[in-house]
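The values are calculated or read from the model by the stated rules, or taken from the named source; none is laboratory data. Here the structure is a predicted model, which is why all the values come from computation and not from measurement. Glycine gets a Cβ as well: all are built from the backbone with ideal geometry, and neighbour counts include every protein chain shown.
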């Protein structure tokens, strides 16, 4: 048996949409598949959980044990982005100040301070293992977030961020844009 779902199995998931060359591990958990849009050349490895409004564009890899929690606000991962293993991306979060009740079994009326804010991971951004992206964060184009980092605020484009909270540590090369151009020319999209 193949470790990834077949085309027929993908069709039966009830996804909002999916493109060509989509690989979803047999042990991926998808809650509300009708809210998940997947582009072309996307691989989602086993033991990943995806829920809520999530859009995955083209050439994306989501490694094992990741969590993407889109809620109603949504998470968008643009082209050529990736999550290393054990990353968590939240567009929704309970309030931890005590002003609201918490957990999904409590009705929304008792959670007035719950956070809902969209998350964007822009082109060529990569997120290192065990990192966390919080609601409302935009990881700008070309940003590299180092392992075990916590992004509670947006980043600058083509930068390297690490730490808790994540802080800019340097600039990232744009040389990979030449490789993207060559790839797209080779496949006839350039």
| said: Please pick out the residue among 163, 146, 142 that is within 30 Å of residue 189 (Cα to Cα) and in contact (Cβ under 8 Å) with a residue 12 or more places away in the chain. | reply: 142
| request: Answer yes or no as to whether residue 137 is at pLDDT 95 or above, within 12 Å of the chain's Cα centre (by Cα) and closer than 22 Å to residue 65 by Cβ. | output: yes
| Restricting the stretch 80-110 to residues that are buried (at least 17 other Cβ atoms within 10 Å of the Cβ) and out of contact with any strand residue (DSSP E or B) (no Cβ under 7 Å at 6 or more places or on another chain), which is farthest from residue 44 (Cα to Cα)? | 101
| Has the stretch 34-54 got at least one residue that is outside any loop (DSSP other than H, G, I, E, B), more than 13 Å from the chain's Cα centre (by Cα) and modelled with pLDDT of 95 or more? | yes
| remark: In the stretch 15-36, anything within 19 Å of residue 87 (Cβ to Cβ), surrounded by fewer than 20 Cβ atoms within 10 Å (Cβ to Cβ) and in contact with a helix residue (DSSP H, G or I) (Cβ under 8 Å, 6 or more places away or on another chain) is listed as none
| field | Among the residues listed as 10, 15, 23, the single one being assigned to a strand (DSSP E or B) and over 15 Å from the mean Cα position of the chain (by Cα) | value | 23
| remark: Checked 74, 39 against criteria (surrounded by 18 or more Cβ atoms within 10 Å (Cβ to Cβ) and within 18 Å of residue 132 (Cα to Cα)); the one match is 74
